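Read-outs throughout are calculated quantities, based only on the coordinates presented, and are distinct from any laboratory measurement. Since the model is a prediction, treat every value here as computed from it, not as a measurement. Using ideal geometry, Cβ is built from the backbone for each residue, glycine included, and neighbour counts are taken over all protein chains shown.
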Amino acid sequence: MSDFQRLEFQAIMKARKLIRDIGVSSVPIDLEPFATAANARIKIVHDLNDDESGQTTQIKGKHVIIVNGNHREERQWFTVLHEIAHIVLELPSKHQGPKLRTDTLMRYGRRPQEEMLCDVFAAECLLPYDLFSKDVSDTEISLAAVKDLAQRYKASLTTTGSRFAVNANEPCAFVLSEAGHIRYVSRSKYLNEIKGWIDFNISLPKGSVAFRLTQDSSKTEDYDELASDVWFNGGIKSRPMLAEEAILLREWDQCLSLIWFDQSLERSDQRSDYDDEAEPLLEELDGNLPWPSKRRRR
Ligand SMILES: [Zn+2]
């Protein structure tokens, strides 16, 4: 596990502890108890510039989180939780100056580690593991499902999509690209098991749905079934075909892809069973954790 993964894991654990302490049992979550737990007050203002998401100041020993009320609600919520993360995780703000710029929050290029950890914490609070993982396992993989969950949890498509893939019960990946470059990848453990790696900081693969969308200004969303070697070097032997559904977020020059394998693509593929008793806390950490194979044939 890299140092960052260790810190990411700690941030997730702190978020889950807070969720348990507060006793979150329904979604969308209520922000007030999170603020109270961080000794903070939320103040919505309408006179910030559009490129400012918010900032935190101290008044009489209490944190005051100021948030831009002109932004979409889901963005306001993320801003508030990101600021709460700075307080709870005791991570200094690495924004340029005290203000949290929208650009900083939405861009994936090089971001300071502290800022990424605060985003991880915020995502975990918005999508509480127990509730979210159940909702994901109750639904078929699709962009429509991600959109539906994003609305219910008041989270962005990006946040929801990245956690959706991690929690999926099939081999599934979520890829965020920016200006045609892959910037962020999250994967389900089932994708790790079949060794479905996707590199980042490289260009989008030419045959991908995401690449085609970035080249064609007439569409913002598309779905296709592709050979698995489009996304996975050398392909995946047992899974020759994959499904990809992608959506452009023109505002940020970003494209989100959901990539998965399912039984309808592989009718001849033998169904296999998975053991669901993996450690639930570790279960959803993305990436390079050494997963013992839980696969067993019927
Ligand atoms: Zn920050």
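In order along the stretch 40-54, phi translates into HN-Hα couplings of 10, 10, 9, 10, 8, 10, 10, 10, 8, 5, 5, 8, 9, 8, x Hz, rounded to whole numbers, per the Karplus curve 6.51 cos²θ - 1.76 cosθ + 1.60 with θ = phi - 60° and x for Gly and Pro.
Scoring 156-163, 226-233, 138-145 by mean Cβ neighbours within 10 Å over their residues and listing the highest first yields 156-163, 226-233, 138-145.
Along the stretch 123-128 the Karplus relation, 6.51 cos²θ - 1.76 cosθ + 1.60 evaluated at θ = phi - 60°, assigns HN-Hα couplings of 5, 5, 6, 5, 10, x Hz to successive residues, with x for each Gly and Pro.
3J(HN,Hα) along the stretch 182-192, derived from phi through the Karplus expression 6.51 cos²θ - 1.76 cosθ + 1.60 where θ = phi - 60°, amounts to 6, 10, 8, 9, 10, 9, 7, 5, 5, 6, 4 Hz, with x in place of Gly and Pro.
If packing is taken as the average count of other Cβ atoms within 10 Å, what order do 172-180, 22-30 fall into, highest mean first?
Values: 172-180: 22.3, 22-30: 13.8.
Going from most to least packed, we get 172-180, 22-30.
The stretch 15-86 and the stretch 126-194 have Cα centres separated by 23 Å. Scanning residues 5 or more positions from D262 or on other chains, those with amide H under 5 Å from its amide H are A243, with H placed 1.01 Å from N in the peptide plane. Where the alpha-carbon atoms of the stretch 3-126 are placed on the principal axes, they occupy 35, 31, 29 Å, in descending order.
Run the dipole for the stretch 3-126 about the Cα centre, Lys and Arg Cβ at +1, Asp and Glu Cβ at -1, nothing else charged, and hand back the magnitude in debye, nearest 20. Intermediate values should be presented prior to the final figure.
Values: 17 positive and 18 negative charges, 58 e Å.
Here the size comes out at about 280 debye.
Arranged from highest to lowest average of other beta-carbon atoms within 10 Å per residue, in what order do the peptides 2-12, 239-249 appear?
Values: 2-12: 15.1, 239-249: 20.5.
In decreasing order of mean packing, 2-12, 239-249 become 239-249, 2-12.
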